[in-house]
Amino acid sequence: MKYLTPRRFLLFSFVFIISFLIPFWIHNAGDKVQKVFYVDPVNGNDRNEGDSSHPFMTIEKAQVEVSKVNSHMSGDIIVYLMSGEYSMADTIRFSPKDSGSNGHQVYYMAYPNQVPIFSGGKRLDANHWKLFDDKKQIYRISLKGLKPFRQLYVNGEPAIRARFPNATDSESLGTYFTTQGADVNEKYMVVKKSNLPNISQLQSGLEMIVHPHWYHEILRISLIEDDPNDHMQSRVFIKMPEADIGLNPAKGNKFYTNNPYYFENDLSLLDMEGEWFLDEANEMLYYKPRMGEDMDTAVVIAPQLDKLISIDGTRENQVHDLYFSGIHFQYTNWNWPNSHGMVATQGFQIFGTVSAGAVEVQYASHITFDNNFVQFTAGNGLQFIKGVKNSQIKNNWFENVGVTQYA
């Protein structure tokens, strides 16, 4: 699995790079340890005793065993995680019963030189890809039973949702067209007719991605029609509810003039290597491979799970004294824009909702995330929602995070 390339280094920020330069933190041998468990997703078994020779297979089993011995702790409890991808059919949930006690902590941490991966993605079977369009070299695969998704990853690289104009500039992520105007009351953008995609019939999933000044907007399109005032222009009408904020009357029409934009999410737009399109209605995924990619061997990951870890207490009964280290949190999903669009302002504050986090914490204290790797998330990385105190996010590496690294 590739985690860093020069292109991704330039495009996506990561923080606290020191975590990449030093080895994982190892529990201090001088600290008192009450109990140690081992989890191995490859060779473990939940009927085992959980020692180094007979590890558990799942985090959930380790949680059950920790809860039997953590009420009156005399030392720390360590759950060592071995290499491999941990099955994530659902979010792993930590409640007050999983907490440390008597000033001691429960550690969930990578065993030295091991790489535990908590993944919310589904690897697509390479044997099921079929050539759909020989001339354009577009492949497709059936996705029966999978949830929709807005991100796709091929061989450890983000693929591009089919768009027009194509993304050809690695720094600006453009190219872009620019809006000619708008009507904030009638809820439409004005664009050059020559800049419309060549779509014979408007599909329900077509979106317009617009950047009005410091905003980022995902606008679902309800109708495209000729501008009766100018035969060289067209009106792009926007669906509710995002039209209320994405075309805000308080901003005025001028605010939405000369805004960079592109169209996204239609099969007709799939014309560049590395682009993909998901036909939700027919549960089919289309992809045009990059040079050198072989669909018989390509590792294609479709995110399915919004949230990998939830640490959730209450105001009266908080989760506390948990420590996570050396874990790779990867491939999360977030489909809220599919039904609501999205309008975000500075700091990627989203109107009407908060993006899902790969890890979410609320009503908790003394929670630490140290030397973890957060990658390929549709929403936030590590998210402290509310009621969190005396807790730390330190020395973590964030890459290809869809919204913010931590919040």
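Screening residue 347 on (1) outside any strand (DSSP E or B); (2) in the same structural domain as residue 63 (by TED's automatic domain parsing) shows it passes everything except condition (2). Restricting attention to the range 63-88, the residues that are without any contact (Cβ under 8 Å) to a residue 40 or more places away in the chain, out of contact with any Lys or Arg (no Cβ under 9 Å at 6 or more places or on another chain) and within 17 Å of residue 39 (Cα to Cα) total 2.
Per the listing 225, 186, 264, the residue uniquely in the same structural domain as residue 283 (by TED's automatic domain parsing) and within 29 Å of residue 403 (Cβ to Cβ) is 264. Close Cβ contacts (under 8 Å, 6 or more residues apart or on different chains) running from residues in the range 247-266 that are over 30 Å from residue 281 (Cα atoms) and of a type in the set (Val, Ile, Thr) to residues that are modelled with pLDDT of 95 or more and assigned to a loop (DSSP other than H, G, I, E, B) comprise 257/179; 257/180. If you filter the range 319-344 down to residues that are among the small types (Gly, Ala, Ser) and in a strand (DSSP E or B), you find that the one that is modelled with the highest pLDDT is 325.
Going by the structure shown, is residue 268 of a type in the set (Gly, Ala, Ser) and either touching a helix residue (DSSP H, G or I) at 6+ places or on another chain (Cβ under 7 Å) or in a loop (DSSP other than H, G, I, E, B) (or both)? So residue 268 does not fit the description; no. Quick check: anything in the range 285-296 without any contact (Cβ under 8 Å) to a residue 12 or more places away in the chain, in a loop (DSSP other than H, G, I, E, B) and outside the structural domain of residue 215 (by TED's automatic domain parsing)? No, every residue in the range 285-296 fails to be without any contact (Cβ under 8 Å) to a residue 12 or more places away in the chain, in a loop (DSSP other than H, G, I, E, B) and outside the structural domain of residue 215 (by TED's automatic domain parsing).
Taken together, the residues in the range 104-130 that are exposed (fewer than 14 other Cβ atoms within 10 Å of the Cβ) and either without any contact (Cβ under 8 Å) to a residue 60 or more places away in the chain or under 22 Å from residue 90 (Cα atoms) (or both) amount to 5. Could you check the range 271-294 and list, in sequence order, the residues that are crowded, with 20+ Cβ neighbours inside 10 Å and either touching a helix residue (DSSP H, G or I) at 6+ places or on another chain (Cβ under 8 Å) or among the hydroxyl-bearing types (Ser, Thr, Tyr) (or both)? The answer is 275, 277, 287.
Considering (1) within 30 Å of residue 55 (Cα to Cα); (2) out of contact with any strand residue (DSSP E or B) (no Cβ under 6 Å at 6 or more places or on another chain); (3) of a type outside the set (Val, Ile, Thr); (4) surrounded by 15 or more Cβ atoms within 10 Å (Cβ to Cβ), the lone condition that residue 166 does not fulfil carries the number (1).
The values are calculated or read from the model by the stated rules, or taken from the named source; none is laboratory data. On a predicted model such as this, the values are computed, not experimentally measured, just so you know. Positions of Cβ are generated from backbone atoms using ideal geometry, with glycine treated the same way; all protein chains shown enter the neighbour counts.
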